[in-house]
Structures are given as C-alpha cells and as structure tokens.
1. Would you calculate the convex hull of the Cα atoms in the stretch 3-83 and tell me its volume per residue in Å³?
2. Percent relative contact order of the stretch 3-83, based on C-alpha pairs within less than 8 angstrom and at least six residues apart?
3. What order do you get for 215-226, 22-33, 64-75 when each peptide is scored by the mean count of other beta carbon atoms within 10 Å, highest first?
4. Under 18 Å from the Cα of Lys162, which lysines turn up, not counting those fewer than eight places away in the same chain?
5. Relative contact order for the chain: what is it in percent, counting Cα pairs under 8 Å that are at least 6 residues apart?
6. Only bridges with both residues in the chain count here: give the DSSP antiparallel percent, nearest 5.
7. Mind checking which of Ala129, Gln158, Gly113 is farthest towards the positive end of the stretch 95-179's charge dipole, using Cβ charges of +1 (Lys, Arg) and -1 (Asp, Glu) about the Cα centre?
8. Under a point-charge model restricted to the Cβ atoms of Lys and Arg (+1) and Asp and Glu (-1), what is the dipole moment magnitude of the chain relative to its Cα centre, in debye to the nearest 20?
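Each value in this text was obtained by applying a stated rule to the coordinates, not by laboratory testing. Since the model is a prediction, treat every value here as computed from it, not as a measurement. Cβ: placed from backbone, ideal geometry, glycine included. Neighbour counts: every protein chain shown.
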Amino acid sequence: MNIERNVAISILKLTKSGPVKQQLINIEAKIPKEDARKLLQRLQNDGLIYLHRDVIDANATQRLRLAIYAMKLGADLEQTSSFLQWQEFEGMAAFALEQNGYNILRNMRFKYGGRKWEIDIVGCKKPFAICVDCKHWHHGLYPSTLRRIVEEQVERTQALAKSQPNPAIKIEFASWEKAKLVPVVLSLVVGALKFHDDVPIVPVLQLQDFLVQLPLYAGSLKNVLWLSQDVQNRLF
C-alpha cells in the first residue's frame, strides 16, 4: 500500500467541492491520525495543500499538482482524473505550455465565415501557434468519434488562420511574418489512436514531451501556415 498516494487521492476526492476536515481524509485513506498529520504537514510544506488546524483545502493549481503527484506514485490515471474539474484539466494543459515558454490564450472566441468559433487554448511560441482542444473523457472513444473530434479541431484552426489579420483578436502570432498553426487534441487517457490525419492526439501527461519534441517532427504534422499581409503581398 502506498500511503502517500492514498492520501493524495483522498484529498483530491474530498476537496472537489471545497475544504474538508482532516478526520475525513484519515477515514478515506485508511490511515492513522498521527501518520496522516505528518504527511499532511509535508504536503503543506511542499505547497500542495492548505492546512489550517484540522481543515484541509486545495486551490485549482494545488489540485493539479496533487493529481500529478499521485500519478507519479502509481495512482490510476482514470481514477485520478475523475476527481478533477474540467477547468482544472484545461489548467494543466495551460501550465505545461507556459512552462515551455508559450504565451497562451484560453477559451478564445472569434468570428469567421458567418460563424462563431472557440478554441480551448492557443499557445504561441515562434514559429508555432498550438491550437488545443481539451477532451476530458475517461474511457476510450469509438475511432469514428475521435476522427470527428480531430476534423472539427482542424476546421477551427483553419478558421483562426483565415480570420487573420483581425484587430478584434489580440493574439501573438498575428504580429509575426509567418506562423505554423498546429491543431492538437489533448486527452486525459492514452487512446488507441495517437494521430489521425497527421493531427496529434496527446495524453495530457505527455504534453511536456510533445512540446519538447515538436520542432523535430513539426514537418510531419498537419499544420496551417499563416502569412502576414506584407509577406502575402510579396509572394502573390
């Protein structure tokens, strides 16, 4: 039995709706009071929880870090992710992008072609603009459903590129001469498909590796080239 993992999972489960008394954590994790006290104190020292007397709380960032901590200790991915809110999952993706030097926009809404569009996260770091669709599913999807999800994300990415330049959308790549817009579907679990039509389907815990390796294999991924008006004028 991994006591630390059980405590982390218990905190995630019980703080989903707000603060909780330490006694409930002890019962849920099946751990003696004194052992729990020491572990909780260590988690607080590491900045993973708030501990005030006998009350435990964790904000969204702390809960994300707790989830990663629990999974590093061997916690089941699906079980752990089931205790995360949608916004927390999206926050995990945004955090990974920022840690890798990307400037991000979340829940970006824009209009193009008489339609309203929304992209969960756009991360910009020359020459890439990564357009992320966060899918918070816990079980495998039919391949046909996953393909539809990918095709819709490609369509959103193309619409974003075609909508530029647009003064109503303050997005970093609009000031670049050219950018590669890369559609990405982000999942919580590893699925049967890793790519569809050259679009990556990335488990959230592998996003860090994907970002590091992106420059190496960007040429083999589906991307949309955006050119500034000056470049278009010179070329065409």
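1. 77 Å³
2. Across the stretch 3-83, relative contact order equals 40 percent.
3. 64-75, 22-33, 215-226
4. Straight-distance partners of Lys162: Lys111, Lys116, Lys170, Lys178, Lys180, Lys222.
5. Over the chain, the number comes to 15 percent.
6. 70 percent
7. Gly113
8. Computed charge dipole of the chain: roughly 300 debye.
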